1. Quick one: grab Rg to one decimal and Dmax as a whole number for the range 28-79, Cα atoms only, in Å.
2. Hey, can you find the accessible area per residue of the chain for me, probe 1.4 Å, expressed in square angstrom?
3. Using only Cα atoms, locate the centre of the range 127-182 and the centre of the range 192-208, then give the distance between them in Å, rounded to an integer.
4. Counting Lys and Arg as +1 and Asp and Glu as -1, each charge on the Cβ, what is the dipole of the range 1-157 about the Cα centre in debye, to the nearest 20?
5. With N set to the number of residues, divide the alpha-carbon radius of gyration of the range 80-199 by 2.2 N^0.38 Å and report two decimals.
6. The range 180-239: which trypsin sites (Lys or Arg not before Pro) are DSSP loop and have at most 12 other beta-carbon atoms within 10 angstrom?
7. Which FRET efficiency value, to the nearest 0.05, is calculated for residue 9 and residue 170 with the Förster distance at 30 angstrom and r the Cβ-Cβ distance?
8. Need one number: the % of Cα-Cα pairs in the range 2-96 sitting beyond the 17 Å mark.
Amino acid sequence: MTGSEPTARRVLRPPPGYRLAESVRPLTFSPYDPCARIVGGTFWWAARTPTGPGTLGLRPAAGELHAEGYGPGGDWLVHRADAVAGLRDDLTGFAALAAAHPVVARLAARHAGLRMPATGLVFPRVLRAVLEQKVTGKEAYRGYAATVRHFAEPAPGPMQPLLLPPEPAAIAATPYWVFHPFGVEQRRAETLRRAAALAQRWERCADSAEATRRLTAVPGIGPWTAAEVVRVAYGDADAVSVGDYHVPNTVAWALAGEPRGDDARMLALLEPFRGHRGRVCRLLEAAGVQAPKFGPRAPIRSFARF
């Protein structure tokens, strides 16, 4: 699985000012993500594709983007390399919408090289999103990394120790209590197991709307999780994470100068950007915009001994 010779290559020509690292950031959980990382300016991403496991390398050079695929899924990944890099992202109409708000206009100009990726793969993002439900970022990453390493399977290609995301069938067959030492309680573990059992059905969804309907029909998966998934799997620039702990406050602060906001206020402020509401949230995230913080931080819990 660790052959260093690519099975497919492709040269992409991104628009002037394109920023690879900023565009693919949603595909990495942290600089130490076991399945995806940026090393020496090259983005490496391991995935289970319809044609088998593979690794995609995206390397910028002299205004071009060189895509290399490794393993049985290498051809599939290289074929989708432009989408993964965000180069299929459709910004039609966004410039006019952004111009109507000074903050959004400024962020759109500052981050003009940011594009929204579309991986075409649903379950890897479901895995991460479920483990991010109602916990701190540190808890979520620990659970995600420990889960990937529990099912550890080396990814093809030269970037080691990159790992493939777990096989959905393996997760579906794993008792919930196995996830406890990873810091994942029964509720999220059972949701993840239910989701894994339905993984093949989701990969056949025609678009983000169908995927959202199917996802939210599963107990334990709500609008927040579905939005987190379709924004990355389908590149849905309008997907808003309703129910997020921070995003409503961030939107209210950035767009209206209000330190706190609920989901209703967030959606009202984002309505003028319909079609690109998720893009506005992504720009705020990329710019590091945060509402003022009040009160204590959420505690980090442990389920390792349960």
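The values are calculated or read from the model by the stated rules, or taken from the named source; none is laboratory data. Note that this is a predicted model, so its numbers are computed, not measured. Methodologically, a virtual Cβ is constructed for each residue, glycine included, from the backbone with ideal geometry; neighbour enumeration extends over all protein chains shown. Protein only, heavy atoms only, side chains kept; ligands, DNA and RNA dropped before computing areas. Shrake-Rupley method; radii C 1.70, N 1.55, O 1.52, S 1.80 Å.
1. 11.2, 32
2. Details: 14040 Å² over 306 residues.
Accessible surface, normalised per residue, equals 46 Å².
3. The distance from the Cα centre of the range 127-182 to that of the range 192-208 comes to 17 Å.
4. Details: 19 positive and 12 negative charges, 74 e Å.
Once rounded to the nearest 20, the dipole reads 360 debye.
5. Working: Rg = 18.4 Å, N = 120, 2.2 N^0.38 = 13.6 Å.
Relative to the rule-of-thumb radius for its length, the range 80-199 sits at 1.36.
6. Values: sites: 187, 188, 193, 194, 201, 204, 213, 214, 231; in loops: 204.
Listed in order of number, the matching sites are 204.
7. On the way: r = 31 Å, r/R0 = 1.04.
With a Förster radius of 30 Å, E is 0.45.
8. Values: 2185 of 4465 pairs.
In whole percent, the long-distance tail amounts to 49.
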